[in-house]
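Peer 1: A single structure is presented below for examination.
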Amino acid sequence: MAHSYTPGLTVTDQTVVRRVRQLPLQGTVLVKEGDLVQATQSVARAELPGKVYPLNLANQLGVAPGEIKEYLVKREGETVHKDEVLAENKPFFKWLKTEIRSPITGTVESISLVTGQVLLREPPRVLNLLAYVDGLVVEVRPQQGVTIECACSLVQGIFGIGGEAHGEIVVAVEGPDRPLMPDRLTAEMKDKVVIGGSFLPAETMAKAKEIGVAGLVVGGIHDQDLRALLGYDLGVAITGSEQVGFTLILTEGFGAIPMATKTFALLSARAGAMASISGATQIRAGVIRPEVIIPLKEKRLPATRSADRAREGIQLGDLVRIIRDPLFGQIGRVSALPSELRKIPTESEVRVLEVQLDDGSTVVVPRANIEVIEGA
Amino acid sequence: MTGPASNDPPTPRPLRVVVATDCGSTTTKAILIEKIGDEYRQTYRGEAPTTVEAPFEDVTRGVLNAIAEIEELSGRKILDGDRILTPCKDDKTGVDLYISTSSAGGGLQMMVTGVVQNMTGESAQRAALGAGAIVIDVLASNDGRLPHEKIERIRTMRPDMILMSGGTDGGAVTHVVEMAEYIAAAEPKPRFGATYKLPLIYAGNKAAQGQVKTILGEKTALVMTENIRPVLERENLGPARHKIHDLFLEHVMQQAPGYKKLMEMTGAPIMPTPAAVGLIMETIAKREHINLIGVDIGGATTDVFSVFDGTFNRTVSANLGMSYSVSNVLAEAGLANIMRWVPFTIDEQTLRNRIKNKMIRPTTIPQTLDELQIEQAIAREALRLALIHHKSLATALKGVQQERTISDVFEQQTSGKTLIDMLKLDLIVGSGGILSHAPRRVQAMMMMVDAYEPLGVTRLSVDSIFMMPHLGVLSTIDEKAATDVFVRDCMIYLGTCVAPIGQGKVGDRCADYEIAFPDGRVVTDHLKFGDLRLYPLGVGEQATVMVRPMKRVSCGAGPGTPVTKTVHGGVVGLLFDGRGRPLQLPADQQARISLLTAWDQAVGLYPSSEDVASSRRTDSR
């Protein structure tokens, strides 16, 4: 049966995650089922075909496309070095000689007598696919990749930028409501995952880059600072390939918003542990959230602890975060789930729920405007 | 097993009950259509999250959930486990037909190629868009990119399909063969899975078919069809569009999770959602002999459809939308353009953060009036930009030699002129959450009027609950059923907008008018620049309007020339828009806010502050 479902973010000290590691094209898997792997270890390898460079020899030699074979020094499939002669004419007068040299080192892929083009291809590039998390190889798909299972503490963020990284967790602020100011960052934080509180100003981003921190996990940032960091206005939330010097994960959203107490407490409790983080976010179909994965010592946990299972809707007592103004960022527990539609100030009639906030007050919020903090 | 419960061979039988679904990116929407007396009506609807993605990875789960909701509401038994009971057995069991459209998993994503960008490149783009695709890139010999950049681009994109065009029949083959060589070198991979070949349709110069086959025959699932531009003066998009639909079903749908099962369940081929919407738009335009613009503004994309003098066009603005793409509307329109529609002040940082928070939590809804006003301001800009995009592609053919006459000395026209003539426009049809679910219907009407700035006399409507896709596919089986439901349950006529063209100082006289209402009442008044006036004129009612514009103002017939027209009512009524065309807002913030507030009050756009206060009191109880 259909039900009202609000996807939430998981924040839990013990769970089991599976991460699929897939090569972009067929290659070799380097591990086998049952192997224990480290986050920084290669689990599969592939050769990415090199870039292709077309050269229109007919135009450059001033001959008809069908005639270029007569001028070629190299044949299809042959290796060619940068600046090596690919084709040349043999004029009666030496000073009229034209030599076409290869712009790259690679191979002659094809020669077209219709267009007069020669396609050159650079040598393949080796791609090593890392495990990303410490864990157990539970599935091998020959030539394609593996699935790794990891018993861990898990914090899902709402938005991030930058790719996968790995480093020790360091907490740089006293509490979840404290902004991460530049003076909180020190040279010892190089290659580490730094936990901030409510807000990350632009100056701290600059200092993090300078020091070379691996990642920053904070409650919120201003959109203007993100724009300055990226150099453009992000239009659609599909991220993960940015290269800004570090991986950034927001746990709450845009603005200065205290990190959820539970999230901050969990990350603080795991300070000193190694974490795998990823800023990749995709809000559209096939949702991907940024994440902090901190492996546990135990390699297996009961299956019911899995964070990948689907939820069955909102329930009384659920810990929720309000995700829209005017109460954006507030956290409380669901105290009532009235079934009838309620008219809100916009005059829309919507399904609502009641949330009891930490100070004991109760507020009415559209169901669409809350997010369950999963793993609570 | 999934599939129709009956294995009887399909025999033509009267349709009494139809269940239709649209599998969207996030929600699968099901509707039940029943024959009541002599006419078809949409009776129940249900919806459920779409289940294309993990952990379900089977689109039919969402379909069955949405249909189960209809079962619950209607009391009709439609499902037998995972099967749809067909045909209809009695008043409470089964349906005669199940049909579906789909845009799940990002819809049909295509890359198109041509030789000259604004000739065959655009023709290929129009063919793909008309078939319901999202065009992720247009490659052309003269697109300014270097050859290796083109190859890199083809390699990194993972389209569902490629459409290749280029050259007129019998013309030079070199450029189109060159493009085939680039595609072969890139070895493009399809989006879903690496185990099958990428479908590629060749619809270019037929003289190059042999060479294209040699180059691409092994590397792609190559299909040949007629040239989309056999001669410069004529486009022939039909055959390529049909091939796109065939390959969509044969290849793309087969790879998407659960679609094989879904295809077995349906009684008619699954259509891409925009193709079905386009079909219903074309059907309305043909039936009513009108020119229309239809818009479907969604969370991620905005589709615009138009039919002018029988020519159908569709465009999709892939990154203009109200949730996933909301931040991109801000990036493309700019903050100032959005703020000009907001009747209060707000600092840039707060607004930017709010928009980004909507982007990362796209399913949230405005809870306060100012949030609603901001969303509707963004919608105006998304609608406006999508129409600009549409106008640029819905054009007469470019590169065509034109015969010049003496009149051209006075009115120079270039080839490739847009087909969208707002003065000839009869009807605007709006669809999508922000328009269909606006708390007040007048809000939907004003969003479209502000964004499109209709000229002269234009009728407006909205789709009640987004059922145009379902009706589009139904129209391929039973046009009467589709038309009945469309007229009675789908279209909500908002009313008519009368907008004189010209500009003047606020308060100056713009036009005189006379309205003869159906009850015999006659209203005579004059419209001033800066005025908005709304007269009640109900659904199904008609009135005769005579507008006498001032000397430098036109109402479609030329400056100062009176116009008399029959206008249709709707749930909002008859709107006289004296704000001038093009519509201009004061640069001064305070002046702009007070003008916006006056307009809001003139048409009852938003609840008054007393209404809001009273609603808050109710809320806190």
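Peer 1: For the charge dipole of the range A:23-99, defined by +1 on Lys and Arg C-beta atoms and -1 on Asp and Glu C-beta atoms about the Cα centroid, which residue among A:Leu48, A:Leu23, A:Trp95 has the Cα displaced farthest towards the positive pole?
Peer 2: Final value for the positive-end residue is A:Trp95.
Peer 1: A follow-up question, please. Can you tell me the order of B:294-302, B:363-371 when each peptide is scored by its average per-residue count of other Cβ atoms within 10 angstrom, highest first?
Peer 2: By packing density, highest mean first, the sequence is B:294-302, B:363-371.
Peer 1: Averaged across A:233-246, how many Cβ atoms of other chains sit within 10 Å of each residue's Cβ atom?
Peer 2: If you average over the peptide's residues, the count of other-chain Cβ atoms is 3.
Peer 1: Once fully extended, how much extra length lies between B:Glu479 and B:Asp169, figured as 0.36 nm per residue of separation less the alpha-carbon to alpha-carbon distance?
Peer 2: So the extension gain works out to 107.9 nm.
Peer 1: From the phi of every residue in the range B:64-76, what ³J(HN,Hα) in whole Hz does the Karplus formula 6.51 cos²θ - 1.76 cosθ + 1.60 yield, where θ is phi - 60° and glycine or proline is x?
Peer 2: 5, 5, 5, 5, 4, 5, 5, 4, 4, 6, 8, x, 8
Peer 1: Using a 10 Å cut-off around each Cβ of peptide A:156-168, what is the average number of partner chain Cβ atoms that fall inside?
Peer 2: If you average over the peptide's residues, the count of other-chain Cβ atoms is 1.
Peer 1: With the calculation restricted to Cα positions, what are the radius of gyration and Dmax of the range A:1-156 in angstrom?
Peer 2: Using the Cα atoms of the range A:1-156, the pair Rg, Dmax is 25.9, 85 Å.
Peer 1: Run down the aspartates and glutamates and flag those whose C-alpha is under 15 Å from the C-alpha of A:Lys190, throwing out any fewer than 8 positions away in its chain.
Peer 2: Within the straight-line cut-off, A:Lys190 pairs with A:Glu168, A:Glu210.
Peer 1: What is the set of long-range amide H partners of B:Ser102 at a cut-off below 5 Å, with H atoms built 1.01 Å from backbone N?
Peer 2: Sorted by chain and number, the residues that satisfy this are B:Cys23, B:Met271, B:Thr273.
Peer 1: Along the charge dipole of chain B, Cβ charges K/R +1 and D/E -1, which of B:Ser323, B:Ala481, B:Ala128 sits furthest on the positive end?
Peer 2: Sorting the options by dipole projection puts first B:Ser323.
Peer 1: Restricting the count to DSSP beta bridges whose residues both fall in the range B:151-254, what percent are antiparallel, rounded to a multiple of 5?
Peer 2: In the range B:151-254, DSSP labels about 10 percent of beta bridges as antiparallel.
Peer 1: Might you report the magnitude of the Cβ-based charge dipole of chain B about its Cα centre, with Lys and Arg at +1 and Asp and Glu at -1, to the nearest 20 debye?
Peer 2: Taking the Cα centre of chain B as origin, the dipole is about 600 debye.
Peer 1: Regarding chain A, what whole-number volume in Å³ per residue does the convex hull of its Cα atoms give? List each step's numbers first, then the result.
Peer 2: Details: hull volume 81.6 nm³, N = 376.
That works out to 217 Å³ per residue.
Peer 1: Determine which residues of the range A:122-156 fall in the zone a paramagnetic label at A:Ser42 would reach in this model, i.e. backbone nitrogen under 12 Å from the point 7 Å along Cα→Cβ.
Peer 2: Output list for this probe position: A:125-131.
Peer 1: Which Cα, out of A:Gly332, A:Val363, A:Ser348, lies furthest along the positive dipole direction of the range A:314-374 (beta carbon charges, K/R +1, D/E -1)?
Peer 2: A:Ser348
Peer 1: What do the square roots of 5 times the Cα gyration tensor eigenvalues come to for the range B:487-621, in whole Å, largest first, as semi-axes of the equivalent ellipsoid?
Peer 2: 28, 23, 12
Peer 1: A further question on this structure: Only four residue types carry charge here, +1 at the Cβ of Lys and Arg and -1 at the Cβ of Asp and Glu. Report the dipole size of chain A about the Cα centre in Debye, rounded to the nearest 20.
Peer 2: Values: 41 positive and 45 negative charges, 161 e Å.
So the dipole magnitude of chain A works out to roughly 780 debye.
Peer 1: Sticking with this one: What Kirkwood radius, in Å to one decimal, follows from the Cα pairs of the range A:314-374?
Peer 2: Result for the range A:314-374 stands at 11.4 Å.
Peer 1: What's the long-distance tail for the range B:107-264, i.e. % of Cα pairs beyond 22 Å? Write down the numbers at each step before the final one.
Peer 2: On the way: 4106 of 12403 pairs.
That fraction is 33 percent.
Peer 1: Rounded to whole Å and ordered largest first, report the semi-axes of the equivalent ellipsoid of the protein assembly as shown derived from its Cα gyration tensor (root of 5λ).
Peer 2: Computed over the protein assembly as shown, the values are 45, 41, 31 Å.
Peer 1: Further question: If you count, for every residue in A:225-231, the Cβ atoms of partner chains within 10 Å of its Cβ, what is the mean?
Peer 2: The mean count of partner-chain Cβ atoms within 10 Å per residue comes to 1.
Peer 1: Counting only DSSP beta bridges with both residues in the protein assembly as shown, what percent are antiparallel, rounded to the nearest 5?
Peer 2: 70 percent
Peer 1: Under Stokes-Einstein, with the Kirkwood radius over Cα pairs standing in for Rh, what whole-number D in µm²/s applies to chain B at 4 °C and 1.567 mPa s?
Peer 2: Numbers: Rh = 26.2 Å.
For these conditions, the coefficient is 49 µm²/s.
Peer 1: Only Lys, Arg, Asp and Glu count, each charged at its Cβ (+1, +1, -1, -1), so figure out the dipole size of the range A:158-289 about its Cα centre, rounded to 20 debye.
Peer 2: 260 debye
Peer 1: Continuing with this model, one more query. Which length gain, in nm to one decimal place, applies between A:Ala269 and A:Arg227 when the Cα-Cα distance is subtracted from 0.36 nm times their residue separation?
Peer 2: Extra length from A:Ala269 to A:Arg227 when fully extended: 11.9 nm.
Peer 1: Which whole number of Å³ per residue matches the convex hull of the alpha-carbon atoms in the range B:434-519?
Peer 2: Looking at the range B:434-519, the number lands at 154 Å³ per residue.
Peer 1: State, as an integer percentage, the relative contact order of chain B based on alpha-carbon contacts under 8 Å between residues 6 or more apart.
Peer 2: Relative CO of chain B lands at 10 percent.
Peer 1: Related question: With a Förster radius of 30 Å, plug the Cβ-Cβ distance of B:Glu233 and B:Lys213 into 1/(1 + (r/R0)^6) and report the FRET value to the nearest 0.05. Show your work: numbers first, answer last.
Peer 2: Numbers: r = 28 Å, r/R0 = 0.92.
Once rounded, the FRET efficiency stands at 0.60.
Peer 1: If you don't mind, another one. Could you check the spin-label model distance between A:Val126 and B:His437? Points 7 Å from the Cα along Cα→Cβ, value in nm.
Peer 2: Distance between the two pseudo-spin positions: 5.3 nm.
Peer 1: Taking the range A:158-289 on its own, what percent of its Cα-Cα pair distances exceed 21 Å?
Peer 2: Looking at the range A:158-289, the distances longer than 21 Å represent 32 percent of pairs.
Peer 1: Mind jotting down the three principal axis lengths of the range B:286-405 based on Cα atoms? Whole angstrom, largest first.
Peer 2: 56, 32, 25
Peer 1: Measure off 7 Å from each Cα along the Cα-to-Cβ vector at A:Glu340 and A:Phe92, then give the distance between these two points in nanometres to one decimal.
Peer 2: 10.4 nm
Peer 1: Find the all-direction average of the projected area of the Cα convex hull for the range A:52-121, expressing the result in square nanometres with one decimal place.
Peer 2: For the range A:52-121, the mean projected area of the Cα convex hull comes to 4.1 nm².
Peer 1: Would you mind checking which residues have amide H under 5 Å from A:Asp134's amide H? H placed 1.01 Å from N; only 5 or more apart, or other chain.
Peer 2: Amide H to amide H, under 5 Å and 5 or more residues apart or across chains, A:Asp134 pairs with A:Ala39.
Throughout, read-outs are computed from the coordinates displayed, never taken from laboratory work. It should be emphasised that the depicted structure is a prediction, and the values quoted were computed from it without experimental measurement. Cβ: placed from backbone, ideal geometry, glycine included. Neighbour counts: every protein chain shown.
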